[in-house]
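Read through the structure below, which is laid out as C-alpha cells, and then see the notes.
Just so it is clear, none of the values below were taken in a lab; they were calculated from the coordinates. Not measured: the values here are computed from a predicted model.
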Amino acid sequence: MNLIIRIIVTAALVLLLAHILPGVAVANFMSAVLVAIVLGLLNIFIKPILVILTLPITILTLGLFLLVINALIIQFSGYIVGGFSVSSFWYAMLFSIVLSIAQSIVYNLTGGEKG
C-alpha cells in the first residue's frame, strides 16, 4: 500500500511541476503515474549502473555529477513515456532537483519513510 501512495504522490508532484516549469509537459494524470513508475524503475535498475560507471568523475566533482545522472534519467523517461516531455537538459536537471526536494518535504510532512 505504501508503494501505491508513493507513486500517486510522485505523480501529483510531476503534474504540479509540469504546470510550474515551462520546459516540462505532462498530458494527463495517467501519464504522470507512468512517469512516476518509470522513474522508480529507472532509479532501481539503471541509476546504480550509471553511478558505478561514472564513479571517478562523481568523486572528482564531489558528488555533483549525480545531478547530471538524475537529469539524464529524467530525459530518458521522457523518451519512454509518451505523454511526458522535457524540452532541454537544464529543465530536466531543474525538474530533478525540485522533484527530489518536493518528495522529501511531502514524505517528511506525512510521516512516510525515506528511501
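Only helices enter this figure: runs of n ≥ 4 DSSP H residues, each worth -39500 (n - 2.57), summed and divided by the residues of the chain, yield -24500 deg cm²/dmol at 222 nm to the nearest 500.
Principal axis extents of the Cα atoms in the chain, from largest to smallest and rounded to whole angstrom, are 38, 33, 23. Relative to the longest principal axis of the Cα atoms of the chain, helix 89-110 runs at roughly 60 degrees. Computed from Cα atoms, the angle from the helix 2-20 axis to the main principal axis of the chain rounds to 90 degrees. Seen against the Cα atoms of the chain and their longest principal axis, helix 65-80 is set at about 50 degrees. Starting from the Cα gyration tensor of region 48-115, take the square roots of the eigenvalues, sort them a ≥ b ≥ c, and report rounded, prolate or oblate (rounded when a/c is under 1.5, otherwise prolate if a/b is larger than b/c, else oblate). Since a/c reaches 1.5 but b/c is at least a/b, the shape of region 48-115 is classed as oblate.
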